[in-house]
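Beneath this line is the structure, given in structure tokens, with notes to follow.
Please treat every number below as a calculation from the coordinates, not as lab data. It should be emphasised that the depicted structure is a prediction, and the values quoted were computed from it without experimental measurement. When we count neighbours, we look across all protein chains shown, and the Cβ atoms used for this are built from the backbone with ideal geometry, even at glycine.
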Amino acid sequence: MDKKEAKLVLSGEMERMRQQSYADLRQWAVENQIESVMKAGPSGIGYQIEIVVRWDTKPEGALRVLGIIDDGEMISSFNPICDDFLLMPSGEIT
């Protein structure tokens, strides 16, 4: 897996998630949603991305948004690249 390219692709998806409102992502947590998508990097390599939104410590508190990416190969699936952020009810991102 081209780790630099995978981080770039995941970064784009995480930026898209940062644009979502607390109310929208709260719904993901309530419904236990997971988004799974395939995205091609600039090189044409396909990457599997999963986005998960869960309560960080307690319901109705901070939301943890976690993005996971790999290229579908067995070796990289055991050691995917991850990124996350916290979204507070106030809308603040940390």
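Structure summary
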item	result
Derived scalar couplings ³J(HN,Hα) [the range 54-70; Karplus, 6.51 cos²θ - 1.76 cosθ + 1.60; whole Hz; x for Gly, Pro]	9, 5, 6, 10, 8, x, 6, x, 5, 9, 9, 9, 10, x, 10, 9, 8
Test item: Cα-centred dipole of the range 1-67, Lys/Arg +1 and Asp/Glu -1 on Cβ, debye	180
12 Å beta-carbon shell around residue 46, net charge (K/R +1, D/E -1)	-4
Label-point separation in nm, residue 19 to residue 66, each point 7 Å along Cα→Cβ	2.5
Residue-averaged [θ]222 nm for the chain, counting only DSSP H segments that reach four residues, each worth -39500 (n - 2.57)	-10000 deg cm²/dmol
Average projection area in nm² (convex hull over Cα atoms of the chain, one quarter of hull surface)	6.0
The chain: angle of helix 3-18 to the longest principal axis, Cα-based, in degrees nearest 10	20
Unit charges at the beta carbon, dipole of the chain: most positive-side option, 38, 88, 27	88
Sites matching GluC sites (Glu not before Pro) across the range 4-94 that sit in DSSP coil, with at most 15 neighbouring C-beta atoms within 10 Å	60, 73, 92
Ranked list, fewest to most other Cβ atoms within 10 Å of each Cβ, for 3, 39, 58	58, 3, 39
